[in-house]
Amino acid sequence: MTDGRCLCGALRYQIDGPFVDMLHCHCSMCRKHHGTPFATWAAAPIAGFRWLSDTSSLATYRSSERGHRDFCRICGSVAPMIEESFGMVIAPAGNLEGEPGIRPTRHMFVGSKADWYEITDDLPQHEEYPPEFSMPSTPRAPVELKPGVTQGSCLCGVVAYEITSAPQRMFLCHCSRCRQGRSAAHCANVFYDATGFRWIRGAGLVEEFPLPGAQYFTTAFCRKCGSELPRVSVERNIVVVPAGSLDSEPAITPVAHIFVGSKAPWFDITDELPQFAEMPPRR
């Protein structure tokens with residue numbers, strides 16, 4: 001039996017029964033919605049799923065004719081997808097608590113993988129869906145890019161931003177807050193000088209959730225589709241950009257894994273980047 005929850009705790013659920021599959025998805029829609037280099041999904045029979053909370057904070061965005069993305073309207077965490085036609089619940093693994101008793105089995109949609117993220121494990125890779133899925137893919141429409149400017153947007157496209165300052169660093173963070181907030185194995189945050197950042201459109205649709213009791217931790221997401229978005233800290237003069245929300249290449253790659261002391265038990269780090277139990281030492 002495995003419990004799961006969103007970052008704020010308004011959505012809580014339980015899955016009783018074994019997971020039948022877990023896989024990493026690199027499609028552009030998952031990267032946009034989670035704001036991460038990939039999403040990790042765990043599938044289980046729907047008969048063993050139940051909500052432990054009410055679902056008044058559950059929101060749904062129709063991402064395609066066949067697909068939908070569910071999320072918490074309070075904190076933006078991605079919520080499980082209840083697929084009654086398949087008899088399955090597809091849960092974002094980053095929101096699972098404890099040991100789920102399963103490990104990722106493969107990567108899918110590596111044909112649209114983020115160029116700045118390298119796959120270094122030995123799991124099988126599929127350009128799109130694995131053959132047994134027999135499902136058509138629905139790629140996100142490409143965004144027209146400006147030269148010399150870094151651009152990003154949410155999944156539905158109503159919120160967009162641009163950055164003229166250079167990236168400072170990119171970390172892969174495994175802390176429990178990032179995993180629950182992004183509903184993923186880890187996040188990928190790019191830090192920029194805030195003076196070079198501006199919202200192009202949709203600033204009024206950016207919802208923020210400051211985590212109670214945390215000094216700095218705040219999530220930002222699109223109120224319409226739930227996609228993770230940049231958080232601007234005026235007092236610290238930085239903007240923290242979820243790399244999965246970028247439409248442009250960030251001209252930087254990850255430099256380290258941080259907070260690996262609270263890493264998900266089902267995820268293995270296989271690259272050679274430096275690892276820090278918490279934050280790296282200040283320079």
- From the list 241, 232, which residue is more than 21 Å from residue 115 (Cβ to Cβ) and either outside the structural domain of residue 188 (by TED's automatic domain parsing) or buried (at least 20 other Cβ atoms within 10 Å of the Cβ) (or both)? 232
- So which residues in region 256-270 are part of a loop (DSSP other than H, G, I, E, B) and surrounded by 14 or more Cβ atoms within 10 Å (Cβ to Cβ), if there are any at all? 259, 263, 264, 266, 267, 269
- Message: For region 187-228, give me the residue count where each residue is more than 18 Å from residue 61 (Cα to Cα) and assigned to a loop (DSSP other than H, G, I, E, B).
- Response: 7
- Task: Might you check whether a residue that is crowded, with 21+ Cβ neighbours inside 10 Å, under 19 Å from residue 114 (Cα atoms) and touching a Phe, Trp or Tyr at 6+ places or on another chain (Cβ under 6 Å) occurs anywhere in region 177-195?
- Result: yes
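What is the residue count in region 2-19 for residues that are touching a residue at least 60 places away in the same chain (Cβ under 8 Å) and not in a strand (DSSP E or B)? Step through it out loud before you land on a result.
Kept after step one, since they are touching a residue at least 60 places away in the same chain (Cβ under 8 Å), are these residues of region 2-19: 2-8, 10-11, 13, 15, 18-19.
Filter once more, keeping what is not in a strand (DSSP E or B): 6-8, 10-11, 18-19.
Counting residues in region 2-19 that are touching a residue at least 60 places away in the same chain (Cβ under 8 Å) and not in a strand (DSSP E or B) gives 7.
Which residues, taken from region 140-158, are more than 17 Å from the chain's Cα centre (by Cα) and in a loop (DSSP other than H, G, I, E, B)? Spell out how you get there, then give the answer.
Within region 140-158, the subset more than 17 Å from the chain's Cα centre (by Cα) is 141-151, 158.
Hits for region 140-158 are 141, 142, 143, 144, 145, 146, 147, 148, 149, 158.
Of all residues in region 196-217, how many are surrounded by 16 or more Cβ atoms within 10 Å (Cβ to Cβ) and either farther than 21 Å from residue 150 by Cα or not assigned by TED's automatic domain parsing to the domain that holds residue 251 (or both)?
So the answer is 4.
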- Query: Hey, among the residues in region 20-52 that are touching a Leu at 6+ places or on another chain (Cβ under 9 Å) and assigned to a strand (DSSP E or B), which one's farthest from residue 84 (Cα to Cα)?
  - Reply: 24
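Quick grid of which residues meet (1) over 28 Å from residue 163 (Cα atoms); (2) touching a residue at least 24 places away in the same chain (Cβ under 8 Å); (3) not in a helix (DSSP H, G or I):
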| residue | (1), (2), (3) |
| --- | --- |
| 54 | yes, no, yes |
| 63 | no, yes, yes |
| 104 | yes, yes, yes |
| 121 | yes, yes, yes |
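The values are calculated or read from the model by the stated rules, or taken from the named source; none is laboratory data. Since the model is a prediction, treat every value here as computed from it, not as a measurement. With ideal geometry, Cβ positions are generated from the backbone for all residues, glycine too; neighbour counts draw on all protein chains shown.
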